[in-house]
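S.K.: Please find one structure pasted underneath; my questions will follow.
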Amino acid sequence: MASSLNKEEPNLKKKQCIKNVQTVVITGMSGSGKSTALKAFEDIGYDCIDNLPIALLPSLLKIKERSTKEPLKLAIVMDLREKSFLDSYQDIFSQVKKQHFHLEVLFLDAQDTVLIRRFNQTRRQHPLIFKAPSLLKSIELERQQLKDIREYADRILDTSDFNVHQLRHQIMELYGARVSLDRLVIHIISFGFKYGVPAESNLVFDVRFLANPYFVPKLKELDGRDARVRAYVLDQKETLEFINKICALLKFLLPFYKKEGKSYLVISIGCTGGRHRSVAIVERLKELLTSLGEEVIVTHRDFEKDN
């Protein structure tokens, strides 16, 4: 596998960003945690701006680039609080990218019931409350208005299951270790199908066909990071063949994702409860891909839940 994934055609490598200012635009549903995310970015050294008028973005990036010789990372919240945002973001983001600034869009989302609960707890008004007869209708209207930019986004992060501290930790985990934002990051998530498929997934693989350590009494209470569980899962002939086939697929896909300029590839590996099989396989994939020089982030979403 090592040799196969390293054989990447030179003309398929992504053109390097020639500017030293790299930007994450945070957008998404009201109540999804944009302010919390911005504070987390600030904690890991980003320059942060809330509610920047989108028309000022190209000028801001030029000023920042002229004023610093060191690499600079920005995190900027933009959303429908500015009336012109949804009408102009595609043109302005395209303009910024043509000037060889790296820009990626992080879209925060959450389930409607969660958003309603958060608004009720904080007693804040939804920004569209005067255009709809109820909070739920306001959320539904906003979701419709944000449909296109949600699809445009480089990363979608569902915050439904996060409290404030968990969301801050997730942002730090996803962005804190990144040296350069213009490099493809492979984010591998283990999950349990009983808790739902991660919304941000690009590729989803089901490993429930493998023998389950849950039914082995001495392994039941452990998780896939434990050496005994890993051995049980990875020593299966079917597991080895499965991993080899994933690696062959990535050998084909990665050069094209890099050529496209994609910032993230989110691979989700699911078993029943997200505790044993998926965790062990994700850890093994991380080892293999990291050894080949890929930038890999791992999240075990459900392994601590009551299975």
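S.K.: Net charge near Ile76, counting Lys/Arg +1 and Asp/Glu -1 over other residues with Cβ under 12 Å of its Cβ? All intermediate terms of the calculation are to be shown ahead of the outcome.
M.R.: Details: positive: Lys34, Lys64, Lys73; negative: Glu42, Asp47, Asp50, Asp79, Glu82, Glu104.
Residues near Ile76 contribute -3 overall.
S.K.: Taking θ = phi - 60°, what integer Hz values does the Karplus form 6.51 cos²θ - 1.76 cosθ + 1.60 yield along segment 102-118, in sequence order, with x for Gly and Pro?
M.R.: Computed from phi, the couplings for segment 102-118 are 7, 9, 10, 10, 9, 9, 9, 9, 6, 5, 4, 4, 5, 4, 4, 4, 5 Hz.
S.K.: Only loop residues by DSSP count here, and only those with at most 10 other Cβ atoms within 10 Å; note down the trypsin sites (Lys or Arg not before Pro) in segment 102-152 that meet that.
M.R.: Passing both the DSSP loop test and the Cβ count: Arg123.
S.K.: Just in segment 82-143: which chymotrypsin sites (Phe, Trp or Tyr not before Pro) are loop by DSSP and have at most 13 other Cβ atoms within 10 Å?
M.R.: Answer by residue number: there is no such site.
S.K.: Further question: For segment 207-236 and segment 266-307, compute the distance between their C-alpha centroids and round to whole Å.
M.R.: Between the Cα centres of segment 207-236 and segment 266-307 lies a distance of 13 Å.
S.K.: Then there's this: Once both labels are modelled 7 Å past Cα along the beta-carbon direction, what's the Thr68-Leu52 spacing in nm?
M.R.: 1.1 nm
S.K.: Could you tell me what percent of the DSSP beta bridges with both partners in the chain are antiparallel, to the nearest 5?
M.R.: Of all bridge pairs located within the chain, approximately 0 percent are antiparallel.
S.K.: In vacuo Debye scattering of segment 17-181, one point per C-alpha: log10 I(q)/I(0) at q = 0.12 Å⁻¹?
M.R.: Those come out to -0.53, one per q.
S.K.: Here is a further query. Using θ = phi - 60° and the Karplus form 6.51 cos²θ - 1.76 cosθ + 1.60, what ³J(HN,Hα) does each residue of segment 144-161 get, whole Hz, x for Gly and Pro?
M.R.: Those phi angles translate into 5, 5, 8, 4, 6, 6, 4, 6, 6, 4, 6, 9, 10, 10, 7, 9, 4, 9 Hz.
S.K.: So what is the relative contact order of the chain, in percent, for Cα pairs below 8 Å that sit 6 or more residues apart?
M.R.: It comes to 23 percent, rounded to a whole number.
S.K.: Please work out how much length the chain gains when fully extended from Lys98 to Arg225, using 0.36 nm per residue of separation minus the C-alpha to C-alpha distance, in nm with one decimal.
M.R.: Details: separation 127, 0.36 × 127 = 45.72 nm, distance 4.35 nm.
Fully extending the segment from Lys98 to Arg225 adds 41.4 nm.
S.K.: A follow-up question, please. At 0.36 nm per residue, and after removing the present C-alpha to C-alpha distance, how many nm does the segment from Arg183 to Ser291 gain when stretched out fully?
M.R.: 37.2 nm
S.K.: Still on this structure, I have one more. Using Cα-Cα distances under 8 Å and only pairs 6 or more residues apart, what relative contact order does segment 17-181 have, in percent? Numbers along the way, then the final one.
M.R.: Values: 244 pairs, mean separation 55.3, N = 165.
Over segment 17-181, the number comes to 34 percent.
S.K.: Calculate one ³J(HN,Hα) per residue across segment 78-92 by plugging θ = phi - 60° into the Karplus curve 6.51 cos²θ - 1.76 cosθ + 1.60, and present them in order as whole Hz with x for glycine and proline.
M.R.: Computed from phi, the couplings for segment 78-92 are 9, 7, 6, 4, 8, 4, 8, 4, 5, 7, 10, 4, 5, 5, 6 Hz.
S.K.: Search the structure for amide H atoms under 5 Å from the amide H of Asp302, placed 1.01 Å from N in the peptide plane, and list their residues when 5 or more places away or on another chain.
M.R.: Gly192
S.K.: Next question, about the same structure. Using 0.36 nm per residue of separation minus the Cα-Cα distance, give me the extension gain between Gln111 and Gln145 in nm, one decimal.
M.R.: Details: separation 34, 0.36 × 34 = 12.24 nm, distance 1.59 nm.
Contour length minus the Cα-Cα distance gives 10.7 nm.
S.K.: While we're on this one: For the chain, what D do you get in µm² per second when you plug the Kirkwood radius from alpha-carbon pairs into Stokes-Einstein at 10 °C and 1.306 mPa s? Can you show the working numbers first?
M.R.: Details: Rh = 21.0 Å.
For the chosen part, D equals 76 µm²/s.
S.K.: Counting other C-beta atoms within 10 Å, which of Asp87, Asp158, Asp43, Asp223 has the fewest, and how do the rest follow?
M.R.: With the sparsest Cβ surroundings first, the list reads Asp87, Asp43, Asp158, Asp223.
S.K.: Rounded to whole Å and ordered largest first, report the semi-axes of the equivalent ellipsoid of segment 155-307 derived from its Cα gyration tensor (root of 5λ).
M.R.: Square roots of five times the eigenvalues give 25, 20, 13 Å.
No lab work stands behind these numbers, since they all come straight from the coordinates. Because the structure is predicted, anything quoted here is derived from the model rather than measured. Cβ: placed from backbone, ideal geometry, glycine included. Neighbour counts: every protein chain shown.
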